[in-house]
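Report on one structure; see the data block that follows.
Taken together, the values in this text are just the output of simple stated rules run on the coordinates, not laboratory data. All values reported here derive from a predicted model rather than from experimental measurement. Counting neighbours? That spans all protein chains shown, and the Cβs are built from the backbone with ideal geometry, glycine included.
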Amino acid sequence: MAHAHESNTKRIWMVFGILSIITIVEVVFGIIKPEVLHLTSFLGTSPLNWIFIILTLAKAYGITWAFMHMEGEKKWFRRAVVWTAVFLIIYLVTLLLIEGGYLFDVLSPLIKWNY
Amino acid sequence: MGATIAVNSEDKTTWNGGGNRPFGASYGKMMMWFFIVSDALTFSGFLAAYGLIRFKFIDSWPIADEVFTHFPFLHGVHAPMYYVALMTFILIFSSVTMVLAVDAGHQMKKKKVAWYMLFTIIGGLIFLGSQAWEWKNFIGGSYGAVQTTDGKILQFVKDGHQIALSDFVVEGHEERVQHTRKNGLWNESEGTLPSYSVNEVVNSYKNDPSVLIRVEKIDLATKKKQILSREEGERYLLNAKQVVEGANLHVNEYGNPIFADFFFFITGFHGFHVFSGVLINIIIFFNVLLGTYEKRGHYEMVEKVGLYWHFVDLVWVFVFTFFYLV
């Protein structure tokens, strides 16, 4: 066991507090949906969606680093896991979303909305 | 044969070929991490596919807070997202008890580990129950809608709010017997019949001028579903094919059926992970009680199932965002 045997209880509860606050902020934004953020567009989607995505990544960081104890692993072990996953996921998501946008451009004019 | 056996049960270390532990990690922990990487890629494959289809139907995709509006014991109260938010809390909290169990394991406190494992298991079970409840509401539906011959969903609104079929449909004097295996064509059957026939819905719409029809098409300026005028709605209803109540893999009263397909598949796959996580936690819980890890001298097994449990939580964080928030 590389890491020490002292208790990390205090830190665990602190991370839990941060994750809870982030979730509460997300839910409040999701229910109120402020128009300035919801109905405007920024880099392809609404600023509200960007806020959700960034907060989600922050939560993911908190869970992986503190709860899964990634911070205590060796640097290159961490990189082997995180870089691999992050690279492949970004790659896949980028391609599929571009493709989805293309499908919309091609198919949506064919869908009839007036009778 | 000795060379092919990976586990050296004598000194309880599993790496072979000397005392080197690559990256300072034990065999089991590293393999758990590699499993997590591959499982994360599976889930991102699903979520990316969801993104692709959502982008394909970006102008008519169901709006999540109009779909998931139930909260236990609050009947008829419009409570978008509160319930999933609660589920997220339950799962994060069970993650906390898990990490506390790992922490207690480092200090070799058997009793504490057992208690925290028990709390984690209970959290997981509550989450599973919540998910079952969520599925029940989704499958049962809350309003009912009409599907047109080309597959579009027509919902009904009054004063800007969606209303259920039972709120305005007057029953006519027609009755149709459900086709089961033993009546009509032998060994052929059909699904449960909806509460109302298409004719009853269409006639009630014509007789009640306060009811309007809402289509799936999203108005880009307001990001709300378009509401038709009375005349337009009547033209749409000329193409009405069937009454839809609830959602399954073929039809979905909330909009595009593929939304329901992805919902069932992704939350179902995640729920299956939670289920197996609970089972593994139970096994480890009993091992702790039996003193297996006390004898072994370390609680690394708790740490390893902990990794899996946190991963399940991690996936839920993403499912929550992309299914319910964005």
Q: Helix by helix through chain B, keep the DSSP H runs that span 24 Å or more along the axis on Cα and average at least -0.5 on Kyte-Doolittle, and give those back in order.
A: B:27-56, B:82-106, B:110-140, B:257-290, B:300-319
Q: Beta carbons within 10 angstrom, averaged per residue: use that to sort the peptides B:192-203, B:116-127, highest first.
A: B:116-127, B:192-203
Q.
What do you get for GluC sites (Glu not before Pro) in the range A:1-72 restricted to DSSP loop and a cutoff of at most 16 other Cβ within 10 Å of the site's Cβ?
A. A:GLU6
Q | Descending principal axes extents, the protein assembly as shown, alpha-carbon based, whole Å | A | 81, 55, 43
Q | Amide hydrogen neighbours beyond the local backbone of B:LYS241, cut-off 5 Å, H modeled | A | B:GLN147, B:THR148, B:THR149
Q: Please report the Cα spread of the range A:1-72 along all three principal axes, rounded to whole Å, starting with the longest.
A: 51, 22, 10
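I'd like to verify something in chain A: which complete DSSP H helices, judged by Cα projection on the helix axis, reach 27 Å or more and average at least -0.5 on the Kyte-Doolittle scale?
A:9-32, A:75-107
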Q. Does the range B:145-290 classify as rounded, prolate or oblate by the C-alpha gyration tensor (a ≥ b ≥ c root eigenvalues; a/c under 1.5 gives rounded; else a/b over b/c gives prolate, otherwise oblate)?
A. oblate
Q.
Report, to one decimal in Å, the Kirkwood hydrodynamic radius for the range B:116-222 based on all distinct Cα pairs.
A. 17.5
Q. For the range B:19-61, what value does the Rg/Rh ratio take when both radii are computed over Cα atoms and Rh is the Kirkwood radius, given to two decimals?
A. 1.39
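Not counting the cut sites, what is the longest span of chain B without trypsin sites (Lys or Arg not before Pro) that DSSP labels loop and that have at most 12 other Cβ atoms within 10 Å?
Between exposed loop sites, the widest span is B:13-175.
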**Q.** Computed [θ] at 222 nm, deg cm²/dmol, the protein assembly as shown (DSSP H ≥ 4; -39,500 (n - 2.57); rounded to nearest 500)
**A.** -19000 deg cm²/dmol
Q: From zero up to wherever the largest Cα-Cα distance of chain B sits, split into 20 Å bins and tell me the percent of pairs in each.
A: 26, 43, 23, 8, 0
(Q) Averaged across A:22-30, how many Cβ atoms of other chains sit within 10 Å of each residue's Cβ atom? (A) 5
**Q.** All aspartates and glutamates inside 20 Å of B:LYS136 as judged from Cα atoms, apart from same-chain residues fewer than 8 positions distant
**A.** B:ASP65, B:GLU66, B:GLU245, B:GLU253, B:ASP261
Q) Can you sort B:VAL96, A:VAL82, B:VAL170 so the residue with the fewest Cβ neighbours within 10 Å comes first? A) B:VAL170, A:VAL82, B:VAL96
